[in-house]
Amino acid sequence: MPSPIRSVISPGRYAQGPGAISRLGEYLAPIGSTPLVVADDVVWGFVGHDVTTSLEAAGLPVTREAFGGVPSAKEIDRLVEVIKRTNADVAVAVGGGSTIDAVKASGFLSGIRWVTVPTVASTDAPTSALAVVYTEDGTFEEYRFFPRNPDLVLVDSQIVANAPAAFLAAGVGDALATWLEARATATSSSLTMAGGLPTLTGTALARLSWDVLWDNALPALDAVRDHLVTPAVEKVIEANTLLSGLGFESGGLAAAHAIHNGLTAAPQTHGLAHGQKVNIGSLTQLVLEGAPTQDIRDFIEFTTRVGLPTTLTEIGLTPEDTRELELIAATATVAGETIHAMPFEVRPADVVSALTSIERFARRVREEAGLPAPTPYKAPH
C-alpha cells in the first residue's frame with residue numbers, strides 16, 4: 001500500500017465584497033449556460049431580485065427551485081430530479097449551509113458543476129468538497145465526499161451583515177474549532193478530509209482563522225448588529241468561510257466536530273445552529289486534551305462574549321442527563337469518526353466525563369468574569 005501523500009484542495013474561485021451578488025451572472029457565465037438556482041423562500045425574498053437581474057444581464061436563464069429545509073438523502077434525490085428535468089448544467093446554492101450541502105450533493109450525483117452563494121457566514125460549508133447529510137428529523141447521518149470543490153464561492157458581505165448577528169456568531173463557533181482540530185490532526189499525523197496527510201498550508205490557514213477571529217470577532221459582531229460592513233466584518237466573513245473551510249478540509253477534523261455529530265443524536269439540541277454545537281465540541285476537546293486551565297478559561301470567556309454556548313444548560317442538556325450523554329459519546333466515537341484523529345485514544349466514557357465537567361467549570365469562569373449566567377435552551381417541537 002503506497003504511503004499517504006500531503007494534499008490541499010480548494011474552490012476554483014472565491015469572491016467576497018459588498019454588492020458581490022450583482023456580479024453573480026458575470027462569474028457564472030463561464031461555468032454554465034443553464035443554471036438551476038436553489039434557495040428557500042425566505043432567502044429568495046431578499047436576494048431573488050438581485051440574482052434575477054444579475055443572471056439576465058449576463059444572458060443566463062433564471063430557473064429557481066425552493067429548498068426543502070434539511071439536507072437529507074430524500075431532499076438531495078429530489079433536487080437531482082429537478083436538475084434532470086430542467087437540463088441544468090450548473091447548480092447554484094443561495095442560502096445557508098443546509099442549502100449548500102444539498103446542492104453540492106445533488107450536483108455531484110447529476111454530474112454537473114456547482115456554485116455556492118452563502119447569504120450568512122455561519123459555517124464553512126460553502127468552500128468544501130463534502131456535504132453533511134442528516135436524517136429527516138435533523139440527526140447526523142453521514143459525510144458525503146466529492147472529487148472537487150465548488151467552481152465558485154461568491155459572498156456578498158452586505159447581505160451577510162444584513163442577517164441577524166447570531167448567524168455570524170455561529171460561524172465563529174464553527175471556525176474557532178478549525179485550529180484546535182488541525183493542530184490535533186497534525187500532531188497525530190492523521191488523514192484529512194482532503195484525502196491525505198495535513199499540509200503546512202492547511203494547518204497554517206487554520207491557525208490564521210483562529211488569530212483573525214480572536215482579534216476581530218467582537219467588533220465585527222457589533223458592526224453587524226447595525227448592519228454595517230467594516231474591515232473587521234470582512235475579515236471575520238473570510239475567516240468563517242474561506243480560511244476555516246480550507247483549514248478544516250486540508251488541516252483536519254478531530255474531536256470538536258465528532259462531538260457536534262454526537263450532540264445531534266440528542267433531540268434536546270435540535271434547533272441549535274451547527275456552530276453553537278461545535279463550540280461545545282471545542283470546549284470538550286480542550287478538556288479531553290488536558291489543555292492549560294488558562295486556555296480553557298480564555299476560551300469560555302471569549303466565546304461567551306461572542307454569544308456562543310459554553311454549558312450543557314445552553315444546549316438543552318444537564319449533567320444529570322446520563323442516558324443522553326452516553327448516547328452522544330457513543331455516537332461521537334463510532335468507528336470512522338474524526339475524534340480518532342486525536343493524538344490519543346478517546347473512549348466514550350472520556351467524552352461523557354469531559355462533557356459533564358464543563359457545566360460547573362464554565363459557570364465558575366463566567367461568574368468570576370462577570371459574565372451572564374447560562375440561559376436554559378428548549379428545543380422547538
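The values are calculated or read from the model by the stated rules, or taken from the named source; none is laboratory data. Note that the structure is predicted; figures quoted are calculated from it, not measured. Using ideal geometry, Cβ is built from the backbone for each residue, glycine included, and neighbour counts are taken over all protein chains shown.
Among (1) more than 17 Å from A169 (Cβ to Cβ); (2) touching a Gly at 6+ places or on another chain (Cβ under 8 Å); (3) free of Cβ contacts under 8 Å to residues at least 60 places away in the same chain, where does A204 come up short?
All conditions are met except number (2).
Can you name the residue in segment 119-148 that is assigned to a strand (DSSP E or B) and out of contact with any Ser or Thr (no Cβ under 7 Å at 6 or more places or on another chain) and is also surrounded by the most Cβ atoms within 10 Å (Cβ to Cβ) among such residues?
It comes out as A131.
Here are some residues: D151, D215, D226, D222. Which one is surrounded by fewer than 22 Cβ atoms within 10 Å (Cβ to Cβ) and touching a strand residue (DSSP E or B) at 6+ places or on another chain (Cβ under 6 Å)?
Being surrounded by fewer than 22 Cβ atoms within 10 Å (Cβ to Cβ) and touching a strand residue (DSSP E or B) at 6+ places or on another chain (Cβ under 6 Å) holds for just one of D151, D215, D226, D222, which is D151.
Determine, yes or no, whether V229 is modelled with pLDDT of 95 or more, in the same structural domain as L308 (by TED's automatic domain parsing) and closer than 18 Å to L308 by Cα.
Taking the combined requirement at face value, the residue does not satisfy it.
Given the condition under 30 Å from H381 (Cβ atoms) and out of contact with any Asp or Glu (no Cβ under 8 Å at 6 or more places or on another chain), answer yes or no: does some residue in segment 247-260 qualify?
Taking every residue of segment 247-260 in turn, at least one turns out to be under 30 Å from H381 (Cβ atoms) and out of contact with any Asp or Glu (no Cβ under 8 Å at 6 or more places or on another chain).
Is there a residue being closer than 18 Å to P267 by Cα and surrounded by 14 or more Cβ atoms within 10 Å (Cβ to Cβ) anywhere in segment 297-309?
So far as segment 297-309 goes, yes, one or more of its residues are closer than 18 Å to P267 by Cα and surrounded by 14 or more Cβ atoms within 10 Å (Cβ to Cβ).
Cβ-Cβ distance below 6 Å, separation of 6 or more or different chains: which pairs start in segment 51-62 with a residue that is within 15 Å of G19 (Cβ to Cβ) and end on one that is modelled with pLDDT of 95 or more and among the polar types (S, T, N, Q)?
Sorted first by the residue in segment 51-62, then by its partner, the pairs are S54/S22.
Inspect segment 54-65 for any residue being among the polar types (S, T, N, Q), at pLDDT 95 or above and assigned to a helix (DSSP H, G or I) and give the result as yes or no.
Within segment 54-65, one or more residues are among the polar types (S, T, N, Q), at pLDDT 95 or above and assigned to a helix (DSSP H, G or I).
If the Cβ limit is 6 Å and pairs must be 6+ apart or interchain, which residue in segment 356-380 that is assigned by TED's automatic domain parsing to the domain that holds T310 and under 10 Å from L312 (Cβ atoms) pairs with which residue that is part of a loop (DSSP other than H, G, I, E, B) and at pLDDT 95 or above?
T356/P319; E359/T311; E359/L312; E359/P319; A362/T310; A362/T311
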